[in-house]
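Encoded as structure tokens, the structure appears first; notes follow it.
The values are calculated or read from the model by the stated rules, or taken from the named source; none is laboratory data. As the structure is a prediction and not an experimental result, all values here were calculated from the model. Note: ideal-geometry Cβ built from the backbone for every residue, glycine included; neighbour counts use all protein chains shown. Just the protein is used for accessible areas: all its heavy atoms, side chains included, with ligands, DNA and RNA removed. Shrake-Rupley method; radii C 1.70, N 1.55, O 1.52, S 1.80 Å.
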Amino acid sequence: MFVGSTLGARTRLTRRGVAALAASLALATGSMLVASPASAAVRGPSGTKAPLQPAISFPDGDSAAEGGQIAIRFDANGDTRVTRFRYSVGDANLGSEVHAASDGTANVTIDVGSVTGQRPVYAVAVDRRGRLSPMTQGSFTVSAIWNLEGQALDMTTWLPLEGATIRLEPAGIEFVTGPDGAFRFAVDPGLYNLVGTYAGPPSLYGSSQQFELDHQKWHFDLYLYPDSGS
């Protein structure tokens, strides 16, 4: 009787142990199946999120004439942890840095140089622990001071023509050439054509086909021929 009761107790204990072990395994397996929060993917080693992606704007407008300057503003978008911005113009090397003000913004003024056309600006926000935000890209335009220039040439002599009147249509702007026959115009992008006249003697006349001007500098020589009406 004693042996039998002992075996029965062992059997009950074994069954209880198996049940407890099964419950533990089920609990462990369940914890492995629980997905990590989505926010964990964007947290750094310390468990803190990276800074917000900054905004880039141009307080005085997003264009400047060649050789001039342009103001650029960086904004942390309300992220109070941001202490500075790293930025670059023309490429993404982020070689320059500016400290953020208490409101999370910073302003810089740069020389745009003589390269005309669109110029990219890249920036990241940096917090006090050195963590970087995703990169932001903006752009501004550098326009030529004279976006159309050229020479008026006398086709009877193949020499530059002094005193010729060059008219840019449809803008209606005129330019009288000097000894070098040069003319230049600064106009908004668009479609134009040139008309040249020379009082003579002999009187000369020339015109161009329609062409398109953008922010790039463009050179065009206008040839003037003897006017058939002279």
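Once the C-beta distance of Asn93 and His219 is scaled by a Förster radius of 35 Å, the resulting FRET efficiency is 0.60 to the nearest 0.05. Ordered by 1.4 Å accessible area with all protein chains kept, Asp75, Asp188 run largest first as Asp188, Asp75.
Placing dummy labels 7 Å off each Cα toward the beta-carbon, the span from Glu212 to Thr80 is 5.1 nm.
Shown here for region 103-196: GluC sites (Glu not before Pro) in loop regions (DSSP other than H, G, I, E, B) with at most 15 other Cβ atoms within 10 Å, namely Glu162. Only protein atoms count toward the accessible area here, which uses a 1.4 Å probe; on region 187-230, the carbon and sulfur part of that area reaches 49 percent.
The residues of region 181-223 expose, per residue, 56 Å² of accessible area to a 1.4 Å probe. Per residue, the accessible area of region 116-160 comes to 47 Å², computed with a 1.4 Å probe over protein heavy atoms only. Only protein heavy atoms count here; under a 1.4 Å probe, Trp218 has an accessible surface of about 90 Å². Using the basic label-point model (7 angstrom from Cα toward the beta carbon), what is the Asp227 to Glu162 distance in nanometres? So the two model labels end up 2.1 nm from each other.
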